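These notes are about the structure you will find just below.
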Amino acid sequence: MKEKFDFMSMGRDRIARQCVCCGGDELARLPAVLMPFVAYRAFGWQAQKIDESWGLRTIESGYAYPLCNSLHCQDCGLLFLDIRFSESELASLYDDYRKESYNEMRERFEPGYLERARQLSIPISYRPRVEEFLKPYIKRPLSILDWGGDTGRNTPFNDQADVFDIYDISGAAPTTARARCVNKSQAQANTYSLVICSHVLEHTPYPSDILNDIKPVMGTDSILYIEVPLEHVVRDNESNFLERKRYWHEHVNFYSKESLIRLIRNIGMTPLAIGEIPYSTESEKPDVYQVICKLNDETSLKSGSQRI
């Protein structure tokens, strides 16, 4: 087993110099660009057309876009953006996320986004498969916290829970009367039997911080379900896949299976099972990784689960 990395000793740098999953410092890098919508929302930066009126003698005319780097950890395989957003920048980026003002602004930068946002508002079709994956680990009574759960429409077992809480920075209203919105302090004052963290860790600059915030809501019998995209560029695992990632949007971490496992173990949890599931038959949408884990103990893998 790889040596456990102490994330508390890692600085929270603006530009990452270590892998945010395993702490490794062997990072391959290639220049990339930060997409205009993200750059504007987070930093107020806009692409600029440089011409002769700028009076720049040693810089050629053309469009200037915010530069960044794609980093590939040579130890665990994580592919990630070198820029790590601050809390205030994340708040700016995700303010009114997928609400009318957000969607309209993004449509101006990315024509066609309104139709994509409409599709994203449709509940996922594979929720029964998630529930089947989780079922061997579920205990009753069932209390659920969906960390980053938006409206709760995609939360597994959302129609069966005895307690159903949602913590999400968007403040979106739940789609069901069974759900209650809570803040972080309220969530951490309780213990839940099932915690969901689905499609959150690909957005966050330091995923260990999210998981360490989640640990106080878990007891010895609690389980945590993590779901992240298995991005095509990682899934295809081509020798030049770093060269294929030359732009970054809101997903700042592209996970490999090894990077997920290393992250989970490094923050003091035991992975119990890992799976993959197609998100959509549409070619532009990724598959997903599924991981079930719990706080460290001597629990062995259940029969039939993929050994990690």
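The values are calculated or read from the model by the stated rules, or taken from the named source; none is laboratory data. Computed from a predicted structure; not experimentally measured. Every residue, glycine among them, receives a Cβ derived from its backbone with ideal geometry; neighbour counts consider all protein chains shown. For the accessible areas, the whole protein counts, side chains as well, though only heavy atoms, and no ligand, DNA or RNA atoms are used. Shrake-Rupley method; radii C 1.70, N 1.55, O 1.52, S 1.80 Å.
Restricting to segment 104-151, name every residue that is closer than 18 Å to Ser193 by Cβ, at pLDDT below 95 and open to solvent by 90 Å² or more (accessible area, probe 1.4 Å).
Scanning segment 104-151 gives Lys139, Arg140, Pro141.
When you scan segment 42-68, how many residues do you find that are open to solvent by 40 Å² or more (accessible area, probe 1.4 Å) and either of a type in the set (S, T, N, Q) or touching a residue at least 24 places away in the same chain (Cβ under 8 Å) (or both)?
8
Please state which of the following conditions Pro174 fails to meet, knowing it meets all the rest: (1) touching a residue at least 40 places away in the same chain (Cβ under 8 Å); (2) buried (at least 17 other Cβ atoms within 10 Å of the Cβ); (3) in contact with a strand residue (DSSP E or B) (Cβ under 9 Å, 6 or more places away or on another chain).
In the conditions (1) touching a residue at least 40 places away in the same chain (Cβ under 8 Å); (2) buried (at least 17 other Cβ atoms within 10 Å of the Cβ); (3) in contact with a strand residue (DSSP E or B) (Cβ under 9 Å, 6 or more places away or on another chain), Pro174 misses (1) alone.
Restricting attention to segment 111-127, does a residue exist that is of a type outside the set (Phe, Trp, Tyr) and more than 30 Å from Asp159 (Cα to Cα)? Before you say what the answer is, go through the steps one by one.
Applying the first criterion (of a type outside the set (Phe, Trp, Tyr)) to segment 111-127 yields 111-112, 114-125, 127.
Then keep just the ones that are more than 30 Å from Asp159 (Cα to Cα); that gives 111-112.
The answer is yes, given that some residue of segment 111-127 is of a type outside the set (Phe, Trp, Tyr) and more than 30 Å from Asp159 (Cα to Cα).
Go through segment 210-224 and give me each residue that's in contact (Cβ under 8 Å) with a residue 60 or more places away in the chain, open to solvent by 50 Å² or more (accessible area, probe 1.4 Å) and part of a helix (DSSP H, G or I).
If the condition is that a residue be in contact (Cβ under 8 Å) with a residue 60 or more places away in the chain, open to solvent by 50 Å² or more (accessible area, probe 1.4 Å) and part of a helix (DSSP H, G or I), then Asn212, Lys215 are the ones that fit.
For Ser193, are the conditions met, namely being crowded, with 19+ Cβ neighbours inside 10 Å and more than 25 Å from His251 (Cα to Cα)? Before the answer, list the steps.
Numbers: crowded, with 19+ Cβ neighbours inside 10 Å: yes; more than 25 Å from His251 (Cα to Cα): yes.
Yes: the conditions hold for Ser193.
Report yes if Ala39 is within 17 Å of Asn69 (Cα to Cα) and in contact with a Leu (Cβ under 9 Å, 6 or more places away or on another chain), otherwise no. Don't jump to the end; show me each part of the working.
Numbers: within 17 Å of Asn69 (Cα to Cα): yes; in contact with a Leu (Cβ under 9 Å, 6 or more places away or on another chain): no.
Judged against the criteria, Ala39 is not a match.
Within segment 160-173, how many residues turn out to be of a type in the set (Asp, Glu) and either at pLDDT below 90 or assigned to a strand (DSSP E or B) (or both)? Full working, then the answer.
Start the filter on segment 160-173 by keeping residues that are of a type in the set (Asp, Glu), which leaves 162, 165, 168.
Narrowing the set further to residues that are either at pLDDT below 90 or assigned to a strand (DSSP E or B) (or both) leaves 165, 168.
Total satisfying the criteria: 2.
Only one of these conditions is not met by Glu227: (1) farther than 26 Å from Glu110 by Cα; (2) touching a His at 6+ places or on another chain (Cβ under 8 Å); (3) in a loop (DSSP other than H, G, I, E, B); (4) not hydrophobic (A, V, I, L, M, F, W, C). Which number is it?
Failing condition for Glu227: (3).
Just to be sure before I move on: is Gly112 of a type outside the set (Val, Ile, Thr) and without any contact (Cβ under 8 Å) to a residue 24 or more places away in the chain in the structure I sent?
On the way: of a type outside the set (Val, Ile, Thr): yes; without any contact (Cβ under 8 Å) to a residue 24 or more places away in the chain: yes.
Yes; evaluated as a whole, the condition is true for this residue.
Quick check on Ile59: is it closer than 23 Å to Leu211 by Cβ and at pLDDT below 95? Working first, answer last.
Details: closer than 23 Å to Leu211 by Cβ: no; at pLDDT below 95: yes.
Answer is no for this residue.
Which residue is farthest from Ile210 (Cα to Cα), if the candidates are limited to segment 162-171 and must be free of Cβ contacts under 8 Å to residues at least 24 places away in the same chain and open to solvent by less than 60 Å² (accessible area, probe 1.4 Å)? Show your work before the answer.
First, the residues of segment 162-171 that are free of Cβ contacts under 8 Å to residues at least 24 places away in the same chain: 162, 164, 166-168, 171.
After this cut, where a residue has to be open to solvent by less than 60 Å² (accessible area, probe 1.4 Å) as well, the list is 164, 166-168, 171.
Working: Phe164: 20, Ile166: 15, Tyr167: 12, Asp168: 12, Gly171: 17 Å.
Only one residue tops the list, namely Phe164.
Answer yes or no as to whether Ile83 is under 23 Å from Ile267 (Cβ atoms), surrounded by fewer than 19 Cβ atoms within 10 Å (Cβ to Cβ) and in contact (Cβ under 8 Å) with a residue 24 or more places away in the chain.
It is false that Ile83 is under 23 Å from Ile267 (Cβ atoms), surrounded by fewer than 19 Cβ atoms within 10 Å (Cβ to Cβ) and in contact (Cβ under 8 Å) with a residue 24 or more places away in the chain.
I'd like the full set of residues that are open to solvent by 60 Å² or more (accessible area, probe 1.4 Å) and either touching a Lys or Arg at 6+ places or on another chain (Cβ under 6 Å) or hydrophobic (A, V, I, L, M, F, W, C) (or both), limited to segment 152-161. Explain how you work it out, then say what you get.
Taking segment 152-161 first, the residues open to solvent by 60 Å² or more (accessible area, probe 1.4 Å) are 159-160.
Of everything in segment 152-161, nothing turns out to be open to solvent by 60 Å² or more (accessible area, probe 1.4 Å) and either touching a Lys or Arg at 6+ places or on another chain (Cβ under 6 Å) or hydrophobic (A, V, I, L, M, F, W, C) (or both).
Results for (1) open to solvent by 50 Å² or more (accessible area, probe 1.4 Å); (2) at pLDDT 95 or above, shown as yes or no for each residue.
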| position | (1), (2) |
| --- | --- |
| Arg235 | yes, no |
| Leu242 | no, no |
| Met269 | no, yes |
| Lys285 | no, no |
| Ile292 | no, yes |
